[in-house]
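The values are calculated or read from the model by the stated rules, or taken from the named source; none is laboratory data. Since we're looking at a predicted model, the values are computed, not measured. Cβ placement follows ideal geometry from the backbone for every residue including glycine, while neighbour counts extend to all protein chains displayed.
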Amino acid sequence: MGWRGILGFEYGIVQAPLGPDISGPELVAAVANAGGLGILRAPDWVLLLLLLLLQEAPDYLRELIRRTRSLTDKPFGVGVVLAFPHEENIKAILSEKVAVLQVYWGECSKELVQEAHCVGTKVVPQVGSLDEARKAIEAGVDAIIVQGYEAGGHVIGQV
């Protein structure tokens, strides 16, 4: 089956959801067009709070998704930090039927996985321990990213 069978891309290369100013539509589409899995980063922290205050967060993310789709016909994903306000971003991602929802820094619930699967979106959490991996498997995720202590700003792994 290979990677293509699991998530729909040719090579086992995943471009991480770097900051939204780094992994924007152009980079994500370039990675997807080259056969890897590019992942947008949903806005969070200050940008998300500002956009929420302006009631524009879901529209901003939809714009990023649609811009990416205008640059590639290949599957790509969106990464969401669950520790920050994320509900509206998740709604936007699922309404746009993005191929992969990559989540981290928070619990990936069975309900979230079922909701994503209903629209054809695969769910790939990033975990930092065997216990988190087991919980993700129980939730029914499609794949798992295992993070060690070498990760960027959102470190969850201790190995």
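Scanning the stretch 70-98 for residues that are without any contact (Cβ under 8 Å) to a residue 12 or more places away in the chain and either farther than 21 Å from Leu37 by Cα or surrounded by 15 or more Cβ atoms within 10 Å (Cβ to Cβ) (or both) yields a total of 1.
Taking the stretch 79-93 as the range and being aliphatic (A, V, I, L, M) and touching a helix residue (DSSP H, G or I) at 6+ places or on another chain (Cβ under 6 Å) as the test, the residues that pass are Val80, Ala92. Scanning the stretch 99-116 for residues that are in contact (Cβ under 8 Å) with a residue 40 or more places away in the chain and not polar (S, T, N, Q) turns up Ala99, Val100, Tyr104, Trp105.
Among the conditions (1) modelled with pLDDT of 85 or more; (2) outside any strand (DSSP E or B); (3) within 24 Å of Glu115 (Cβ to Cβ); (4) not charged (D, E, K, R), Ile39 misses just one, which is (2).
Taking helices (runs of 4 or more DSSP H) as the structural unit, those lying wholly within the stretch 69-159 and holding at least 1 residues that are modelled with pLDDT of 95 or more and within 12 Å of the chain's Cα centre (by Cα) correspond to 87-95, 110-118.
Being modelled with pLDDT of 80 or more, hydrophobic (A, V, I, L, M, F, W, C) and part of a helix (DSSP H, G or I) is the requirement here; does Leu61 meet it? Answer is yes for this residue. Of all residues in the stretch 60-96, those satisfying the criterion of being of a type in the set (Lys, Arg) and under 16 Å from Phe9 (Cα atoms) are Arg69, Lys74.
Restricting the stretch 99-111 to residues that are of a type in the set (A, V, I, L, M, F, W, C) and touching a Pro at 6+ places or on another chain (Cβ under 8 Å), the residue that is surrounded by the fewest Cβ atoms within 10 Å (Cβ to Cβ) is Ala99.
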